[in-house]
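Have a look at the structure below, then the notes.
The values are calculated or read from the model by the stated rules, or taken from the named source; none is laboratory data. Every value quoted in this text rests on a predicted model; they were computed, and no experiment measured them. Backbone-built Cβ (ideal geometry, glycine too); neighbour counts: all protein chains shown.
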Amino acid sequence: MVSFRTLFVQSLRFNAFTRPLIASSEHQSGRKAAINWVGTQSRFVSSAAEVSEFESDELHDDVGGIEKDAALRLALSRLASDFGRESMLSLKRFFRSRHLPVISTGSLKLDLALGIGGLPKGRIVEIYGQEASGKTTLALHIIKEAQKFRVSSIPEMQYLLKIRVVIVHILTVENAMDPSLAEAIGVNTENLLISQPDSAENLLCMVDTLTKSGSIDVIVVDSVRSKVRSVKGFGHADEVTCGGNALQFYAAIRMKIQRKGLLKTEDKVTGLGICVHVMKNKLAPPMKKAELGIKFGRGICCESEVLELACDHGIIMKEGNNFFIEGEVLKNKQEAERYLAENNGVLDKIVNSVRSQLFGEGA
């Protein structure tokens, strides 16, 4: 009898949630209640055993979690010592690094299309498009904006700050660098370094050395190749740009420039209308565009877009055809643009106010 009860209890423990076949047999009517009671007790013991095992697993998981945490901290400290602080694996650091300082493109509309107020520092930016579409002109405006921040009141530092913006110019068929245009745009050519490497290998070595120095704000390679072609196949045209596939993948921002038409003043061609498409943008939503105007010999028509955006944001008051700027009443748009072009101080003040509202920058 003892062995039978032991086997019966063990059977109930393994079948705690099923009805055992042995419980349905009735050898003696007086033992039916005893069998049911034993089954109840067995279910109770089985539940207690399961709770005990769960608590043991939970304790084991806590100990394992502490050990894993200690191992992770040790691995991160080794990474920091071997590869530097930037190798730390942190989501907060990753998103904080995405909000990089920017350099304006010289066009408020293009800065707005980029979504971050300009071009990010420390990233590769590709500008491509048709010949004579304004690529070099846009690059010179970026250099001009970068030079605005190179001001120091320390005489010993002024010479060092003079060489912070560099053009590395590869000698190609295009050879589009025009010093007179750069000066007309506002680039300080005395604080500019220009080089014309004789080969692509020397060019890349110069870019690598200047980048690793950490003392350069802008490096412009103009141009890698002067031609953008389209390859037709399978019923559609694939655009092939210069620099191969690597440049497309490594560039944080890719901008495509297209000519839209000519700017005329009294039947005289004075400039070129272009459209800049943001084809790739790793720091803001891409596929946006900005329509700009370029005046021959002067660069981007920033006065017209500053006037437009300033009126939209209430910085410049407009009533009918009249514009109210710094206490001056200007009768039409052409007179207002001329006033801004002749008063750089007023223009810079309005630009700072507009950027403060658009991008949250301090005026």
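From the list 260, 256, 264, the lone residue that is among the charged types (D, E, K, R) and touching a Cys at 6+ places or on another chain (Cβ under 7 Å) is 260.
Of a type outside the set (A, V, I, L, M, F, W, C) and without any contact (Cβ under 8 Å) to a residue 24 or more places away in the chain, is that true of residue 342? Quick ask: steps written out before the conclusion?
Values: of a type outside the set (A, V, I, L, M, F, W, C): yes; without any contact (Cβ under 8 Å) to a residue 24 or more places away in the chain: yes.
Yes, satisfied.
Selection of strands (runs of 3 or more DSSP E) fully inside segment 271-363 by the criterion of at least 2 residues being closer than 22 Å to residue 145 by Cβ and in the same structural domain as residue 250 (by TED's automatic domain parsing) returns 288-295.
The residue of segment 287-317 that is surrounded by the fewest Cβ atoms within 10 Å (Cβ to Cβ), among those that are touching a strand residue (DSSP E or B) at 6+ places or on another chain (Cβ under 8 Å) and among the aliphatic types (A, V, I, L, M), is 287.
Is it true that residue 337 is modelled with pLDDT under 95 and loosely packed, with under 14 Cβ neighbours inside 10 Å? Lay out the reasoning, then the answer.
Numbers: modelled with pLDDT under 95: yes; loosely packed, with under 14 Cβ neighbours inside 10 Å: no.
No: the conditions fail for residue 337.
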